[in-house]
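Peer 1: The structure under discussion is supplied below as structure tokens; questions concerning it will follow.
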Amino acid sequence: MNYDDILNYLFHEEDIPERCFLCGKEMSRPVVVRHIESMKMIHLCEDCFINNQSDYFLDNTRPWLDGEHTGYTGAEPRLRRIVVAIKQVPDTTQVRVDPETGTLIREGVPFIMNPFDTHAIEEALRIKDLFGCTVTVLTMGPPNSVETLRKCLALGADDAILVSDRAFGGADTLATSFVLAEAIRRSGQERGRVDLVICGKQTIDGDTAQVGPGIATRLGLSQLTLVDRILTIDPRGRTITVRRKLEGRREVVRAPLPALLTVVREINQPRYSSVPRRIAAANPTLEVWDNTFLQLQTGKIGLKGSPTNVKHIFAPERQPGEILGDGEKDPEGAVQELITKLIERDLLVT
Ligand SMILES: Cc1cc2nc3c(=O)[nH]c(=O)nc-3n(C[C@H](O)[C@H](O)[C@H](O)COP(=O)(O)OP(=O)(O)OC[C@H]3O[C@@H](n4cnc5c(N)ncnc54)[C@H](O)[C@@H]3O)c2cc1C
């Protein structure tokens, strides 16, 4: 399916009703959503869209509220490119810590795509399904990271870039986000404007959650972290509206494009790749960008560009637990005591 086919399918001019599916009023700017029961696309006026979201959206369906609802055949794709930053990480469920040195034993540990990044690529592919834009996957890592990039191609990404060079080795989050930002900038020059960058919330090895914000800051992109749902994208008005998953609450934010999103697991359910796609992705030679190509200052990359100094790594000591009540007499009193203690420690908000 090419872009025109998708638009024909989703927004065929003859299929757009004049009246709102719910209230029956005439619509000047219809919004397309998927009806939960029938799974059909339906058209709502803006009022019904705003007031009835939860009833009419499948959790993973994207309601694209496009300023003037211009998605008709022949329109130029206005959302052009998405770059997804993915990292190949050791499967931490199989990593052990050397009791003497306190360091990770990586030998023989299989590598996987960072789990949060599987949701980042899925979200990019869903946007691609609707807007027909291009999805580029990007990773900085050792040569064997091509395997993870191939998995992304098999899922439906259009192209892949491996940033790899000994000079980039030993990078902390500062140097990593610098190199990735420069690679994204370069990819914009080589392959066209980047509208969105999508990252995972954090990795399961480094766990810092600093790389996404680091890239956004360097490239001057709107920074939308912890996104659990994209509500709307308006490529003509150049805005994106997302919901952020914060502690104990959700926050809806609208920001100008281009933007960088870091996504949480709840945003979607990643798809599986098909066998034909996997076969097709197994062969192509992937582009590798080294520092001869990127020409980055050696003082800003790798170990030299990494001011972080890791002095000691250790697992924090576990505090012994506390048993409240005796489990038989006065269970309600024990629960009350537990609640009081949680509130005292700021672990429960009343
Ligand atoms: C002094 C020092 C030396 C280090 N040397 C090495 C080393 O030699 N090799 C090594 O692997 N690690 C090394 N690290 C760890 C390295 O700094 C982090 O793995 C890296 O900066 C990413 O940080 P993070 O894993 O916390 O990512 P987070 O900030 O938690 O990741 C958030 C998101 O950013 C994106 N992202 C993160 N890293 C990458 C990447 N490399 N490519 C594409 N997207 C990415 C992903 O979307 C990810 O979900 C070193 C760290 C220090 C402090």
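Read-outs: derived from the displayed coordinates by stated rules, not from any lab. The model shown is predicted, which means the values in this text are computed figures rather than measured ones. Quick reminder, even Gly has a Cβ in these numbers, built from the backbone with ideal geometry, and neighbours come from all protein chains shown.
Peer 1: How big is the charge dipole of segment 229-350 about its Cα centre, in debye rounded to the nearest 20, if each Lys and Arg gets +1 on its Cβ and each Asp and Glu gets -1 on its Cβ?
Peer 2: Its charge dipole is roughly 1100 debye.
Peer 1: In addition: Evaluate the relative contact order of segment 81-300 (contact order divided by residue number), counting alpha-carbon pairs under 8 angstrom at least 6 apart; express in whole percent.
Peer 2: Values: 424 pairs, mean separation 54.9, N = 220.
Reported relative contact order: 25 percent.
Peer 1: Can you give the extra length, in nm with one decimal, that the chain gains between residue 147 and residue 323 once fully stretched, where that is 0.36 nm per residue apart less the Cα-Cα distance?
Peer 2: Residue separation times 0.36 nm, minus the Cα-Cα distance, leaves 58.5 nm.
Peer 1: Pop out the ³J(HN,Hα) list for segment 86-94 in order, Karplus 6.51 cos²θ - 1.76 cosθ + 1.60 with θ = phi - 60°, rounded to Hz; leave Gly and Pro as x.
Peer 2: Rounded to whole hertz, the list is 10, 10, 8, 10, x, 5, 5, 5, 10.
Peer 1: Report the FRET efficiency, 1/(1 + (r/R0)^6), for residue 249 and residue 208, where r is their Cβ-Cβ distance and R0 is 22 Å, rounded to 0.05.
Peer 2: The pair residue 249/residue 208 has a calculated efficiency of 0.40.
Peer 1: Let me ask something else about it. When a/c is below 1.5 the answer is rounded, else prolate if a/b is larger than b/c, else oblate, so apply that to segment 81-300 with a ≥ b ≥ c taken from the square roots of the Cα gyration tensor eigenvalues.
Peer 2: Details: a/c = 1.33, a/b = 1.25, b/c = 1.07.
Rounded shape, in that the Cα axes give a/c under 1.5.
Peer 1: From a point 7 Å beyond the Cα of residue 340 in the direction of its Cβ, which residues of segment 296-326 have a backbone N at a distance under 18 Å?
Peer 2: 322-326
Peer 1: Using R₀ = 45 Å, calculate the FRET efficiency as 1/(1 + (r/R₀)^6) where r is the Cβ-Cβ separation of residue 28 and residue 272; round to 0.05.
Peer 2: 0.65
Peer 1: OK, next. Within 11 Å, Cβ to Cβ, of residue 145, how many net charges do the neighbouring residues add up to if Lys/Arg are +1 and Asp/Glu are -1?
Peer 2: +2
Peer 1: Under the 0.36 nm per residue contour assumption, what length would be gained going from the current alpha-carbon distance of residue 347 and residue 185 to full extension?
Peer 2: Contour length minus Cα-Cα distance gives 54.1 nm.
Peer 1: In addition: Among residues other than residue 208 whose Cβ falls under 14 Å from its Cβ, what is the net charge (Lys/Arg +1, Asp/Glu -1)?
Peer 2: Summing Lys/Arg as +1 and Asp/Glu as -1 gives -1.
Peer 1: Hey, another quick one. Net charge within 9 Å of residue 257 by Cβ-Cβ distance, Lys/Arg positive one each and Asp/Glu negative one each, not counting residue 257 itself?
Peer 2: Values: positive: 238; negative: 195, 234.
My count for the surroundings of residue 257 gives -1.
Peer 1: Okay, moving on. Enumerate the amide H contacts of residue 257 below 5 Å, restricted to partners 5 or more residues apart or on another chain; note that Pro and chain-start residues carry no placed amide H.
Peer 2: 239, 240
Peer 1: For residue 87, list the lysines whose Cα falls under 30 Å from its own Cα; do not include residues on the same chain fewer than 8 positions away.
Peer 2: Partners found: 128, 151, 201, 245, 300, 304, 311.
Peer 1: Go through 342-348, 143-149 and give me the packing order, highest mean Cβ count within 10 Å leading.
Peer 2: By packing density, highest mean first, the sequence is 143-149, 342-348.
Peer 1: Stretched out fully, how many nm does the piece from residue 285 to residue 218 gain, at 0.36 nm a residue minus the Cα gap?
Peer 2: Working: separation 67, 0.36 × 67 = 24.12 nm, distance 2.98 nm.
Taking residue 285 through residue 218 to full extension adds about 21.1 nm, to one decimal.
Peer 1: Can you sort 229, 250 by how many other beta carbons sit within 10 Å, fewest first?
Peer 2: Ascending Cβ contact count within 10 Å gives the list 250, 229.
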